């Protein structure tokens, strides 16, 4: 009996040892915000007034390259088209919409910049556009970005395009504020500005719509990497959308969509998978 | 206690709450039946402990394999591939820029670097292809990079021949040379570098996924291993107790030995798993994360250095190259700035405040916060020197002195930008080497611990120990059962 009790005691000892062994400090699980990966439905921010990229039709439907890419990526994340809610965003509201969670992702001609990366995370880029300049048909003095010196340039709030001209390249253009590129185009036609300078894809969409009234000078001077805006810290989502973008280029969807939306614009379209920004 | 307990009335059999018929069918009302049942439960408990522990160790082994032997090395190989490709284009730009005014030694050095890069790219691509043997998409990507490299070499070769014929002074070559170089560098930028960089990132993502999943599995499996061990010990002790009481023996040596074996083995297995989780963490956060960050920083740095050359080489694209240079500089080390001259100022201010405060972001911001020390400080001061050179080069260029700007850029002797960039790159490489050491050590320790236990290899020990315990149970109860024959 004594021996048996000794066994019991040694059992208790072993148990204590084991409990001690497991209760060693176990590091906390992966930090960061909850991921949008695995969500059943998604709210996606797109532009509402950029023909070819993100445009809201009178019936409320959204159409454009960004919208199609968003659908493709959402499908790869397991979300069917009828579980996507498209939410209109502007250049000014993109960061806040992601930060306050009113949208899960942003596909809105959203150039990846180091400055923006301090506030949001970027998957992709899913395309690399180039900044160019659009003028009225009759304009003969503007041939490249340096000719904007002394001219009236449309400056959209929240957009970086005008900063590229007046800050980064230090070209002394006169800035005329606007809230969107569709407003800029109206102002261009009304002679309230002399030029609109932004990504060639955006300009091509408007040029397509306005026809012979406007002209793109065709002197691109930057690489604008269109990223997929995600809440900062959601590394899993960033990795998942990068895999989706890779698949989109490999299976030919990217080339098909580029030709569908910009095939007639005369732009040189690049159908190779872009160099990703990287997650986290 | 026993003395004061009220003894039950002898003629009154207590009613049992469980149905007695099935128990009778199993023969549990007899002593040999009970011994047999307890022995069977003990064997099952030992098997359970073996299975749970084996799965847990399998998770640790999988984690080490992916991080230490598959995706981890893949990241290094594709990082080397990117760097070699990017540097080839950089060397071509330098050769085209210097024209006839080169110091023959400098030109030969550039050509040697070009050829070396070519060999490195081949080797790294082979290695990357080998490491992605089970991933057809990655393999196709590597193959397409190698195909593109052949086309790139043709274009670069043609540009260099045309350049030789042009026999121009230092500075931008004639238009026909620039036109061919543009084709080459666009091919590099659009078709070769992106897949190489994305492979590196994909390797990083694979490592992260494996780390999160496997480390969590290893940590939580410790509880199951401990519980399974405790259960087996308890059943063995119960059997021992039962046999001791029934047969008036103090101890059954075989059963005692089996129990002692499990008492030794269970905590050792739990300790092993804790150790493996710690090594996974050390390899990932102490080594791998920084290797990935610094490899990316090194790749982007090489590319921005080349943008400096291209800025001088191709005046038609100078704006684009200047903007790309600023973007890439900010990716590597971010200080708030609207243009390059603000960047130079912001960088100096940030470096003055360092190491008191890390006021900058980007790759080096992450690294300086995660692993402060002399190695990262060396990288930062070299980077600052390189940026100071850049400022001089651009000042010369905007004053129209492209020749001097080119000499400063392409020189390889002390005081030239080329020299300072080499020093900077060396500092980055030695920082990567430092983290590589941490990484290799953690993976090596993890591997060794798995392969080693007090009694030998865990892979061999665990099944042997489980089998031994089962045999001991059989050996322990068989003589007792014989007494009933």
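The values are calculated or read from the model by the stated rules, or taken from the named source; none is laboratory data. Fair warning: this is a prediction, and the values are worked out from it, not measured in the lab. Using ideal geometry, Cβ is built from the backbone for each residue, glycine included, and neighbour counts are taken over all protein chains shown.
Any residue at all in the stretch B:242-254 that's in contact with a helix residue (DSSP H, G or I) (Cβ under 7 Å, 6 or more places away or on another chain), more than 30 Å from residue B:318 (Cα to Cα) and more than 13 Å from chain A (Cβ to nearest Cβ)? Yes, the stretch B:242-254 contains at least one residue that is in contact with a helix residue (DSSP H, G or I) (Cβ under 7 Å, 6 or more places away or on another chain), more than 30 Å from residue B:318 (Cα to Cα) and more than 13 Å from chain A (Cβ to nearest Cβ). Suppose we keep only residues that are within 14 Å of chain B (Cβ to nearest Cβ) and within 19 Å of residue A:155 (Cβ to Cβ) within the stretch A:214-245. Which one would you say is nearest to the chain's Cα centre (by Cα)? Among them, the one singled out is A:224.
Exactly one residue among A:118, A:109, A:96 is outside the structural domain of residue A:203 (by TED's automatic domain parsing), closer than 20 Å to residue A:157 by Cβ and crowded, with 19+ Cβ neighbours inside 10 Å, and that residue is A:109. Right, residue B:260: at the interface with chain A (Cβ under 10 Å from one of its Cβ atoms), part of a helix (DSSP H, G or I) and at pLDDT 95 or above or not? Here the answer is no, as residue B:260 does not meet what is asked.
Among the candidates A:58, A:114, the residue that is out of contact with any strand residue (DSSP E or B) (no Cβ under 9 Å at 6 or more places or on another chain) and free of Cβ contacts under 8 Å to residues at least 24 places away in the same chain is uniquely A:58. Within the stretch B:199-211, the set of residues being over 17 Å from residue B:302 (Cβ atoms) and either crowded, with 23+ Cβ neighbours inside 10 Å or within 12 Å of chain A (Cβ to nearest Cβ) (or both) comprises B:202, B:203, B:204, B:205, B:206, B:207, B:208, B:209, B:211. Residue under question is residue A:154, and the condition is that it be away from chain B (no Cβ under 13 Å), buried (at least 21 other Cβ atoms within 10 Å of the Cβ), without any contact (Cβ under 8 Å) to a residue 40 or more places away in the chain and under 25 Å from the mean Cα position of the chain (by Cα); does it hold? No; evaluated as a whole, the condition is false for this residue. Somewhere in the stretch B:294-316, is a residue over 28 Å from residue B:182 (Cα atoms) and either surrounded by 24 or more Cβ atoms within 10 Å (Cβ to Cβ) or more than 9 Å from chain A (Cβ to nearest Cβ) (or both)? Taking every residue of the stretch B:294-316 in turn, at least one turns out to be over 28 Å from residue B:182 (Cα atoms) and either surrounded by 24 or more Cβ atoms within 10 Å (Cβ to Cβ) or more than 9 Å from chain A (Cβ to nearest Cβ) (or both).
Scoring residue A:139 on the criteria (1) surrounded by fewer than 23 Cβ atoms within 10 Å (Cβ to Cβ); (2) in contact with a helix residue (DSSP H, G or I) (Cβ under 7 Å, 6 or more places away or on another chain); (3) within 23 Å of residue A:206 (Cβ to Cβ) leaves a single failure, condition (2). Restricting the stretch B:212-230 to residues that are more than 9 Å from chain A (Cβ to nearest Cβ) and crowded, with 20+ Cβ neighbours inside 10 Å leaves a set whose member that is farthest from the chain's Cα centre (by Cα) is B:228.
Being within 13 Å of chain B (Cβ to nearest Cβ) and touching a strand residue (DSSP E or B) at 6+ places or on another chain (Cβ under 9 Å) is a condition met by at least one residue of the stretch A:200-213. Tell me yes or no: at least one residue of the stretch B:184-192 is surrounded by fewer than 19 Cβ atoms within 10 Å (Cβ to Cβ) and without any contact (Cβ under 8 Å) to a residue 60 or more places away in the chain. Within the stretch B:184-192, one or more residues are surrounded by fewer than 19 Cβ atoms within 10 Å (Cβ to Cβ) and without any contact (Cβ under 8 Å) to a residue 60 or more places away in the chain.
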